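First comes the structure, then the notes that go with it.
Read-outs throughout are calculated quantities, based only on the coordinates presented, and are distinct from any laboratory measurement. Just so it is clear, the structure is predicted and the values come from calculations on it, not from any experiment. Neighbour counts are summed over all protein chains in view; Cβ atoms, including those assigned to glycine, are modelled from backbone coordinates with ideal geometry.
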Amino acid sequence: MPCSPAKVAHDNCTRTDAAGDVVVLAESFEGKKLNSPNDLVQDAVGGIFFTDPRYGKRDDMEMDIEGVYYYSRRHKLTRVIDDLKRPNGVLLSLDHKTLYVADTELKKIFAYEVTGEGTLGKRTEFANIGSDGLTLDERGNLYATWQGKIWILSPEGKDLAQIECPEGPANCFLGGPKGNTLYITARTGLYSIDLNVKAAPPYLGK
């Protein structure tokens, strides 16, 4: 179904419509302010998974959990992961049956079975790196920003290759006119490199 673009801000998750109007989707949970919503991924039915870590100043935190949340198409907010240290990058697999969540403090990427709309099952350890940002190609390979590089991981978590960057990357995204340009954001610059694979196609469900 068509969905308005959503994004995370300093302390909330918002949606911007075609007219440029901004709607706050989530800013608190169980009466407490969210920490600092960071990354998000949208599923095929209009729901949003987003991570909520806290970097920097921590004395004004109301939450004692840095979790992962699901904002449903019915406007309900649910915490779906509560046992990570600092979840950051988040991504769905090609078939939307797996949710990848990177934890920058544990320095690992975990894979969760998606068992239903906004519900998760078994967790497995996917890779021994963290990541600030993740993207996916048409083969199901993950691209993760970590320790000054872009790490390319197979759907099974195997380290396939690494791309050196001029400065430490913060996030990455595959797109562009031909779908094969990897865009990389960093602290002071925006970089790009053309690859021999394209971005993952939109998942439209069964």
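One table, with the values for the structure above:
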{"quantity": "Count of residues meeting criterion [in a loop (DSSP other than H, G, I, E, B) and either loosely packed, with under 14 Cβ neighbours inside 10 Å or touching a helix residue (DSSP H, G or I) at 6+ places or on another chain (Cβ under 8 Å) (or both)] in segment 30-42", "calculated": "2"}
{"quantity": "Residues satisfying the stated conditions in segment 54-101, i.e. closer than 15 Å to PRO37 by Cβ and aliphatic (A, V, I, L, M)", "calculated": "MET61, MET63, ILE65, VAL68, LEU77, VAL80, ILE81, LEU84, VAL90, VAL101"}
{"quantity": "Scope segment 47-92; condition of a type in the set (Gly, Ala, Ser) and more than 17 Å from THR115 (Cα to Cα); matching residues", "calculated": "GLY56, GLY67, GLY89"}
{"quantity": "Members of segment 43-73 found to be assigned to a loop (DSSP other than H, G, I, E, B), under 17 Å from GLU30 (Cα atoms) and not β-branched (Val, Ile, Thr), listed by number", "calculated": "ASP52, PRO53, ASP60, MET61, GLU62, MET63, ASP64, GLU66, GLY67, SER72"}
{"quantity": "Any hit, segment 80-94, residues being among the acidic types (Asp, Glu) and out of contact with any Phe, Trp or Tyr (no Cβ under 8 Å at 6 or more places or on another chain)", "calculated": "yes"}
{"quantity": "Tally of residues being within 14 Å of the chain's Cα centre (by Cα) and over 19 Å from ALA200 (Cβ atoms) across segment 11-49", "calculated": "4"}
